[in-house]
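Report on the following structure.
The values are calculated or read from the model by the stated rules, or taken from the named source; none is laboratory data. None of the values given here were measured: they were computed from a predicted structure. Neighbour counts are summed over all protein chains in view; Cβ atoms, including those assigned to glycine, are modelled from backbone coordinates with ideal geometry. Areas reflect the complete protein model, heavy atoms only, side chains present, ligands, DNA and RNA absent. Shrake-Rupley method; radii C 1.70, N 1.55, O 1.52, S 1.80 Å.
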Amino acid sequence: MDSFCGKILTSMFILPFTAGNYRRRPNGSWCFDCTIASRVLFLIVLATIIVLTASKDIHKHADVRLAIVVILLSLSMCAGVIGIYILGCFVKYHGQQYIVASTRNTHTSKLQVIFLWGFGLASGIRCILSAGKHIECTAKASHSAYWTSMFCFYTLVIVYLFSEMIFITYCSTFKLKKTLFVNYVMLMLLTANVSVIVYIHFLHDTFSYFTKNDNDGQLSSCLLNNSTISHLMTKSQPFLYPASVEYSLLSITILLEIWSPTKLRHVVNEQITSPQELESVPLVADDTSIEDMNSENRSGKTVCQMATLAGSLSAGIGLILCNVILATGIGENEYVRYVAGIYEFTLNGMMSLAIFAGFYCLVKCCTPDSVPKGLGSREYVYLLSAFGLFMTNIAEGIGNDVSTQPEARLFMYRSIFSVFQDYLQVVFLLLANRCKKVDPRSNIHPLESALIFIMISNFVLWFNDSVLLSKFPNTRSLHYQTDNTTYTMYEDLLPVAVFFRFTSFMEYYTTFGKYTS
């Protein structure tokens, strides 16, 4: 993909979703191992499941939200099962060495596997009893989206449990290779296990939810009747429910042991390994040419940076003015709030375009570090703040009742798009810190402009959220609601989102200094 179209496709559809460390394939080619993109995608899926499940007390469209959670869990499990099957086919035709890097010297793996099968069988029995009760009461149910999707979910969980237990039993004594496909399979397995724990914790019990929200009482009477399945579920619940959680936690532990994404391979005296780096190294250093190039590009560089700075400030001032008007109570609040929503939607769109331009510059003019680099403590804190921002945007999206107010539809679309834009922003920042210019003497004006625009936009959003949104309720799109979801979003999650904006501003400023030095 060395052509212009190939670089465009890579920067828009491949790099944002495979970003990570740069690794060499067995055939000699290079690829990203998706360690960055997978972590951010995992946080988005987990944030979606937490918010949609925790909002079950908001009765309007609750069935649809919970059905989305079940569908997300089902898709993750399906991807994991399919990935396990494909890995099994690779092992069958290419041998064990295709996915195995080395053996593990551990004395606890067999005991762990024994307990894993015990907990897994208990979890399977729990799913079988739930599926049987579901079939028994299907005639009394209203066949909502959530009820309809639950039976398929129970069936899929059983298939997933046995597939994962067989996979872990086979691989428990090995260390797996860090190939792209293995990384995605392990990511799906970890996502499914963590998501099931979160789902069980926030929902507590599926049938109690249906009993609580049954209007005519027919479904409740069926779920609570003294049938054989009900009696078995009541007696086994104190044992099977903890077993399900323990199975998920133990499987996560073993999966991380056989696939540790933080373990780095050691590279000795490997300074330049990619073809781009090799071609870009001059045979003789020429300080005079560097000085001449810097003097020629300094004026164009300054003009480009000043134009980007002015454009980013102009784009953000409109949003701040609208929220200042809302805070002071001048004008018609609903109209000004609608205009502010359009400004923020537009700003997010411009930031997304700047990020894609930055990805293109990374593909065209930069080369990734060949030595794998793990995430540092600052980056983990940054990801944690991004996790809070994801939950904030998702909660704001589901909090707007799109069936009553046309303006609320804009806020919902803006919230959904904000999740996508924030994902791109996090991945781009972490990847840019793992790349460097092919030619240290060059000035990449588009990349510098993209970094400036994203940096200033984050500063504008930080000022808006910390000064206006947190202090003046009139500036909030959900100001008229008082449910627990809205309270949690503005009282608990908003400070985390504010921290994310400030940290993004500082981190992008640091990255900008790296590429301009």
(message) Given points 7 Å out from each Cα along the Cα-Cβ axis, report the ARG441 to PHE181 separation in nanometres with one decimal.
(response) 4.4 nm
(message) So for each of 208-221, 379-392 I average, over its residues, the number of other beta carbons within 10 Å; can you give me the resulting order with the highest mean first?
(response) 379-392, 208-221
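Suppose a student asked you for the relative contact order of the chain, using Cα pairs under 8 Å spaced at least 6 residues apart; what percent would you report?
The normalised contact order for the chain reaches 20 percent.
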(message) Could you compute how much accessible surface GLU136 exposes when probed at 1.4 Å, giving the result in Å² to the nearest 10?
(response) 70 Å²
(request) Grab the beta carbon distance between HIS143 and ILE114, set R0 = 41 Å, and tell me the FRET efficiency rounded to 0.05. (result) 0.50
(message) Whole angstrom only: what separates the Cα centroid of region 190-245 from the Cα centroid of region 349-377?
(response) 45 Å
(request) Would you please name the trypsin sites (Lys or Arg not before Pro) within region 98-176 that are DSSP coil residues with at most 13 other C-beta atoms within 10 Å of their C-beta? (result) ARG104
(request) Sort by residue number and report every cysteine in the chain with no other cysteine beta carbon within a distance under 4.7 Å. (result) CYS5, CYS31, CYS34, CYS78, CYS89, CYS127, CYS152, CYS171, CYS304, CYS322, CYS361, CYS365
(message) Sorted from largest to smallest, which semi-axis lengths in Å does the alpha carbon gyration tensor of region 86-205 give for its equivalent ellipsoid, taking the root of 5 times each eigenvalue?
(response) 33, 16, 13
(request) Within the set of other residues whose C-beta is less than 13 Å from the C-beta of THR511, count the net charge using Lys and Arg as +1 and Asp and Glu as -1. (result) +2
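When the Kirkwood hydrodynamic radius is evaluated over all pairs of different C-alpha atoms of region 334-396, what value in angstrom, to one decimal, is obtained? Show your work: numbers first, answer last.
Details: mean 1/r = 0.0664 Å⁻¹.
Every distinct Cα pair counted, the radius reaches 15.1 Å.
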(request) Could you pull the Cα extents of region 367-439 along its three principal axes, largest to smallest, in whole Å? (result) 55, 27, 12
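Measure up LYS7/LYS92; LYS92/LYS133; LYS56/LYS177; LYS212/LYS235 against 32 Å on the Cα-Cα distance and list the ones that go over. Walk me through the numbers before you get to the answer.
Values: LYS7/LYS92 36 Å; LYS92/LYS133 39 Å; LYS56/LYS177 41 Å; LYS212/LYS235 21 Å.
Those over the limit are LYS7/LYS92; LYS92/LYS133; LYS56/LYS177.
Compute the convex hull volume of the Cα atoms of the chain, divide it by the residue count, and report the result per residue in Å³ as a whole number.
On the way: hull volume 87.4 nm³, N = 517.
In the chain, the Cα hull volume divided by residue count equals 169 Å³.
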(request) Give the relative contact order (percent, whole number) for region 301-411; include only Cα pairs under 8 Å separated by 6+ residues. (result) 21 percent
(request) Determine the shape class of region 204-249: with a ≥ b ≥ c the square roots of the Cα gyration tensor eigenvalues, call it rounded for a/c under 1.5, and otherwise prolate if a/b is greater than b/c, oblate otherwise. (result) oblate
(message) Nearest 500 deg cm²/dmol is fine: what mean residue ellipticity at 222 nm does the chain get from its DSSP H runs of n ≥ 4 alone, each adding -39,500 (n - 2.57), divided by its residue count?
(response) -24500 deg cm²/dmol
(request) Return, for the Cα atoms of region 1-107, the radius of gyration and Dmax in Å, separated by a comma. (result) 19.3, 55
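Of the accessible area of region 10-165, with the probe set at 1.4 angstrom, what percent is carbon plus sulfur? The partial results should precede the final answer.
Numbers: 5120 of 7260 Å².
Roughly 70 percent of what the probe reaches on region 10-165 is carbon or sulfur.
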(request) Would you grab the residues whose amide H sits under 5 Å from the one on TRP30? Only those 5+ places off in sequence or on another chain, please, with H modelled 1.01 Å from N. (result) ARG25
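When only the heavy atoms of the protein chains count and the probe is 1.4 Å, how do LEU232, LEU176 rank by accessible area, highest first?
On the way: LEU232 85, LEU176 5 Å².
Output order, biggest surface exposure first: LEU232, LEU176.
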